[in-house]
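So the structure is just underneath, and the comments pick up after that.
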Amino acid sequence: MIAKTEAACLQDWRKELLVNAYGNVLEVGAGTGANLNFYPDKIKKLIISEPDEFMRKKLLLKLDDSSIKSHEIQSFGMEDIDLPDNSVDCVVSTLVCCSVRSPEESLKQVYRVLKPGGLFLFMEHVAAENNPSRLKWQNRINPIWKRISGNCHTNRETEKYILEAGFKIKQITKASMRKAPAFVRPTIRGIAGK
């Protein structure tokens, strides 16, 4: 469904973001494995979590074809990460915070499992903060959109939630997601530290 958007910008953004991954990495909401080809060799282990069983099946097929040597598959969601406190070096979330039940609780879970000094690598579509007309449309469309698209919200203020969870944003890029519907074009991507 988003193949044109992947080709237009998301693949480049994933590659640029994931070069920062290191050590023991947790990817939450891995979907069908769009990030797998972009992890650097310097990661020790990749813990991949995807709660949707149909997406997880596609993810497993892609994982077999990837160059990732050490990995573990989990089925927990971002809201209930089943890992010990301070246990991973990096957490990766790409286009996930829009569809979790509670972005606030989900990001608290991410903060909890990261080691002190660990990195949260994120890429999310968000509310149009500097475009009142687009934000108005996002708010109007949201009740219907979230019902037909797996709880995806068009108007989440994810940057605010990241900060409220206790993270310090080290790097952030705000850009328009090309070849996507206008109401999901505003994005943020970057690195936050614990």
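The values are calculated or read from the model by the stated rules, or taken from the named source; none is laboratory data. Please read these numbers as outputs of a predicted model, since none were measured by experiment. Cβ sites come from the backbone with ideal geometry, for glycine too, and all protein chains shown count toward neighbours.
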If you go through segment 74-126 one residue at a time, how many are in a loop (DSSP other than H, G, I, E, B) and over 23 Å from Thr154 (Cβ atoms)? 9
Here the residues within segment 1-30 that are modelled with pLDDT of 95 or more and outside any helix (DSSP H, G or I) are Val19, Asn20, Ala21, Tyr22, Gly23, Asn24, Val25, Leu26, Glu27, Val28, Gly29, Ala30
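Can you confirm whether Ala175 is modelled with pLDDT of 95 or more and in contact with a Lys or Arg (Cβ under 6 Å, 6 or more places away or on another chain)?
Considered against the rule, which asks whether it is modelled with pLDDT of 95 or more and in contact with a Lys or Arg (Cβ under 6 Å, 6 or more places away or on another chain), Ala175 comes out as no.
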Quick one: Pro51 ticks every box in (1) over 22 Å from Tyr161 (Cβ atoms); (2) touching a helix residue (DSSP H, G or I) at 6+ places or on another chain (Cβ under 9 Å); (3) without any contact (Cβ under 8 Å) to a residue 60 or more places away in the chain bar one, so which box is it? (1)
Give the residues of segment 32-55 that are closer than 16 Å to Asp65 by Cα, surrounded by 15 or more Cβ atoms within 10 Å (Cβ to Cβ) and not hydrophobic (A, V, I, L, M, F, W, C), sorted by residue number. Thr32, Gly33, Asn35, Asn37, Tyr39
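This table checks each residue for (1) surrounded by fewer than 20 Cβ atoms within 10 Å (Cβ to Cβ); (2) touching a Lys or Arg at 6+ places or on another chain (Cβ under 9 Å); (3) modelled with pLDDT of 95 or more.
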| position | (1), (2), (3) |
| --- | --- |
| Arg140 | yes, no, yes |
| Ile144 | yes, no, yes |
| Ser149 | yes, no, no |
| Ala180 | yes, yes, no |
| Pro186 | no, yes, yes |
Would you pick out the residues in segment 1-11 that are under 15 Å from the mean Cα position of the chain (by Cα) and either over 21 Å from Ser149 (Cβ atoms) or of a type in the set (S, T, N, Q) (or both)? Gln11
Specify which of the listed residues (Ser87, Ser106) is among the polar types (S, T, N, Q), in contact with a helix residue (DSSP H, G or I) (Cβ under 9 Å, 6 or more places away or on another chain) and closer than 18 Å to Lys160 by Cβ. Ser106
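Yes/no matrix, rows are residues, columns are (1) out of contact with any Ser or Thr (no Cβ under 6 Å at 6 or more places or on another chain); (2) more than 26 Å from Val25 (Cα to Cα):
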position	(1), (2)
Ser99	yes, no
Phe122	no, no
Asn131	yes, yes
Arg134	yes, yes
Arg178	yes, yes
